[in-house]
1. Please enumerate the residues belonging to segment 277-307 that are in contact with a Ser or Thr (Cβ under 6 Å, 6 or more places away or on another chain) and of a type in the set (Lys, Arg).
2. If I ask for residues that are touching a Cys at 6+ places or on another chain (Cβ under 8 Å) and part of a loop (DSSP other than H, G, I, E, B), which ones from segment 96-126 would you list?
3. Going by the structure shown, is residue 241 at negative phi and without any contact (Cβ under 8 Å) to a residue 60 or more places away in the chain?
4. Given the options 72, 61, 127, name the one that is in contact (Cβ under 8 Å) with a residue 24 or more places away in the chain and either closer than 16 Å to residue 268 by Cβ or small (Gly, Ala, Ser) (or both).
5. In segment 1-22, which residues are aliphatic (A, V, I, L, M) and either within 20 Å of residue 91 (Cα to Cα) or under 24 Å from the mean Cα position of the chain (by Cα) (or both)?
6. I'd like to check something: does segment 224-231 contain any residue that is in contact with a strand residue (DSSP E or B) (Cβ under 7 Å, 6 or more places away or on another chain) and either under 30 Å from residue 287 (Cα atoms) or among the aromatic types (Phe, Trp, Tyr) (or both)?
7. Considering each of 78, 100, 114, 131 in turn, give the residue that is more than 16 Å from the ligand (Cβ to nearest atom), at pLDDT 95 or above, farther than 30 Å from residue 194 by Cα and not charged (D, E, K, R).
8. When you scan segment 208-224, do you find a residue that is at pLDDT below 75, closer than 18 Å to residue 175 by Cβ and more than 28 Å from the chain's Cα centre (by Cα), even just one?
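The values are calculated or read from the model by the stated rules, or taken from the named source; none is laboratory data. All values derive from a computational prediction rather than experimental measurement. So basically every Cβ, Gly included, is an ideal-geometry build from the backbone, and we count neighbours across all protein chains shown.
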Amino acid sequence: MSDYPTTLIEFQNRFPDNESCEAYLIAQRWPDGFSCPKCGHDEAYEFTRPERIFECRKCHHQASVKSGTLMHGSKLPLTIWFWAAWLMATHSNGISAKQLQRQLGLGSYKSAWLLCAKLRRAMVDPHRNPLNGLVEVDESSVPHRARDDPPDGGQGRSGEGKLLFAGAVEVDDEGRPGRIRLSKIDDHSAESLHDFIKRNIAAGSTAKTDGWSAYPGAPDVVHDPHVVGPMAAHVVLPWVHRVFSNLKTLALGVYHGLREDHFQSYLDEFTFRFNRRRNRPSAFRSLLQIATRIKPMTYNMLMASEAEG
Ligand SMILES: [Zn+2]
C-alpha cells in the first residue's frame, strides 16, 4: 500500500472514521515512533479518551497527535480535516472556503475559512530546501483588486494598481523545469531582488536573468545575464515566463485580480500546486505532514498576518 491514497475511492476506503485518520497522522508526525513534544523522550503510556493520548514516561507531558500542531484545539473532527486536505490538494486550481463549506456541510463560513487558511499555511514547508543548479529568475506584476472592488473589476481606479513579485524556476540538464519559488517584492531594486535570491536559491547556483541592472552582485550565486529586449525575454527565460503567464491567467480568470493582503498566500498556493504537479495525491500527504510540523494558529493570528502580508 502506498503512503497515501491515489484515488477518491482509495481515500474513502482508507479514512472512513476518526480512528483511521488519527493513526495516519500519528505515522506522519512520528515516523520513527513517539517523541515527547516537551522533552524528546521516546516512550509513552497510551490511552484513549476518546482520542488517543500519549503520556511521556519521563516528564508525564500529555499530548494527542494534534497537540502543538496546526490542528491544535480545532473542534472539527479529523475526518473533516482529511477531506479538506484531499480536496485542496487534488483540485488543480484549488478550492475556495465557500466551496469547502458547501461540500463538507460546515455550519459556518468562518470555520470553513479558518480551515482553508490553516491548510494554506501547510503549503509552505518550513524546512524546504532552496532551489539549486541552473535557475531562471525574473520579476513581473499582476493587477491588484482593492478590498471593496467588485470581483469583476468594475470601473475603480484600483485597476491601475500592480502587485509586484519575483519568481525563480529550476531547470534540469535536459532543459526541463523543476521546482519554483514566488515571492512578492516591494520594488525592482537590487536590494529586493538580491534578498529574493538569497532566500530562495542555494549558494553556488547559477541565476539566469534578462540582464536587468539590479541583478548583478547578488550574494553567493553565479550571475548569468542575457541582455534582451522585452520581446525576447520569453525566449531566454522560457520557464519562468510560462509560470508567470499561468499565474496571471489564473489570477485574472479564476480570482478576477488579487487582493494585496492575500497575495503571498496566493503565490504560496500556486507554488505548492506547481511543485507537486506530477503527483497531486502526494500533495495530500504533504499537507498533513507539514500540518503536524507547524505551530498552532488562531483566527486572529491568521487575519493579522494576512493583513500585514
Ligand atoms: Zn517528556
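1. Passing the criteria: only 280.
2. Pass one, segment 96-126, residues touching a Cys at 6+ places or on another chain (Cβ under 8 Å): 96-97, 100.
96, the sole residue that qualifies.
3. On the way: at negative phi: yes; without any contact (Cβ under 8 Å) to a residue 60 or more places away in the chain: no.
The answer is no for residue 241.
4. Numbers: 72 fails: either closer than 16 Å to residue 268 by Cβ or small (Gly, Ala, Ser) (or both); 61 fails: either closer than 16 Å to residue 268 by Cβ or small (Gly, Ala, Ser) (or both).
After applying the criteria, what remains is 127.
5. Taking segment 1-22 as the starting set, the residues that turn out to be aliphatic (A, V, I, L, M) are 1, 8-9.
Within segment 1-22, 8, 9 meet the criteria.
6. No: segment 224-231 contains no residue that is in contact with a strand residue (DSSP E or B) (Cβ under 7 Å, 6 or more places away or on another chain) and either under 30 Å from residue 287 (Cα atoms) or among the aromatic types (Phe, Trp, Tyr) (or both).
7. Details: 100 fails: at pLDDT 95 or above; 114 fails: at pLDDT 95 or above; 131 fails: farther than 30 Å from residue 194 by Cα.
Answer to the selection: 78.
8. no
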